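Here's the structure, in structure tokens; my notes come after.
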Amino acid sequence: MKAILLAALCAATVTHAQTSWKLATGYRTESFHTANISQFAREVAAATNGQLTIDVAPNGSLFKLGEIRQAVQDGKVQAGETIMTSMVKEIPIAGADSIPFVVGSYKRAQRLWELQRPGMERDFGQRGLKILYAVPWPPQGLYTTRPVKAMGDFKNVKMRTYNQTTVRLAEMLGATPVDVAMLDVGKAVADGRMDAMITSAVTGVENKVWGPIKHYYEISAWFPKNIVFVNAKTFEALAPDARSAVLKAATDAEYRGWVASEAVAQTATRELQANGIKVERISSELETDLKRIGERFSREWVRSVGHAASDIFVPFYFN
Ligand code: PCA
């Protein structure tokens, strides 16, 4: 009797509970973003007593970075992480965080996210997606093999791009855009397929770009965010207490991620330096040109987004 009862209880617990999600990301296991997601997954498992487990699939092993949002939307994978700017074509306001020279600090980046989030939730909601949290990359700096002092120095420079913003900036600078996924940056640098890029210090460190790359200019051009999300139906299928546990862990992950990003910004810049990269300021001439390019870029962006742009930037600048 006892054995039968215990077996029945076990079966009941198993059928009741055990849900397992896969979460696809296009970044490496060692990335601070992925480490944060893994901790999020552990916290969800603990808070739900193993009712919900989240299995993180890094390195674009399930879907490439640019395909992840659609894959989650189509229910091919339950959850995912991607960089918000990978979806500007379909969701223009996702690009609000990569307009050059709008945000110069983590504090302002946080304010921008507060203002951008409602619109993102609406656009994600319409696609059957639920946002869990977002975390920024450290500020974007300019890496080059040769010193650059003026716009003219970008002529014939092969500039690595990872989104619409970087493509457009490369074009505006007069450089040649070369699309290289984050995972392939180290190899592309070593093979001479690229001689400049705008990205964070930590991405330079992860890809060990020292050697060919000699200069890192701290221009803090923007703070792009990664966003973690789940298929809304999948989320709603959870028991209410599991749903609350996921949302609580997501809030904690967002907070932790922002702190980690800021910390890694410092250590990574020192690591670039320690490996022989000159960390510098740009010339005032180039700074003026870059600011002008930033203004041109923002006019183009506002035109593509329409009134949703003012919902974000009127309070950003005036409140
Ligand atoms: N690293 C990613 C996105 C922004 C960043 O800092 C990349 O270079 O692809």
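We did not get these values from a lab; they are worked out from the coordinates using the rules stated. Fair warning: this is a prediction, and the values are worked out from it, not measured in the lab. A quick note on method: Cβ atoms are made from the backbone with ideal geometry, for glycine too, and the neighbour counts reach across all protein chains shown.
A few remarks follow.
- Cα-Cα over 18 Å, subset of Lys64/Lys130; Lys76/Lys233; Lys149/Lys291; Lys158/Lys214; Lys89/Lys225; Lys22/Lys64: Lys64/Lys130
- The helix-only estimate of mean residue ellipticity at 222 nm for the chain, built from DSSP H runs of length n ≥ 4 each weighted as -39500 (n - 2.57), is -15500 deg cm²/dmol after division by the residue total.
- Within a Gaussian network of the chain (alpha carbon springs, distance under 10 Å), most fluctuating of Asp184, Asp97, Asp123: Asp184
- The chain, relative contact order [Cα under 8 Å, separation at least 6], %: 24
- Each principal axis of the stretch 165-290 carries a Cα extent, and these read 56, 32, 30 Å when sorted largest first.
- For the pair Arg243 and Lys208 in one chain, pulling the backbone fully straight at 0.36 nm per residue adds 8.6 nm over the alpha carbon distance.
- Label-to-label distance for Asp191 and Lys278 is 2.9 nm, based on points extended 7 Å past Cα in the beta-carbon direction.
- Gap separating the Cα centres of the stretch 36-111 and the stretch 239-275, nearest whole Å: 12
- Between Ser304, Ser284, Ser98, the GNM of the chain built on Cα springs shorter than 10 angstrom shows Ser284 fluctuating the most.
- Mean projection area, nm², convex hull over Cα of the chain: 17.7
- Cβ-Cβ distance of Val259 and Arg146, R₀ of 51 Å, FRET efficiency by 1/(1 + (r/R0)^6): the value works out to about 0.90.
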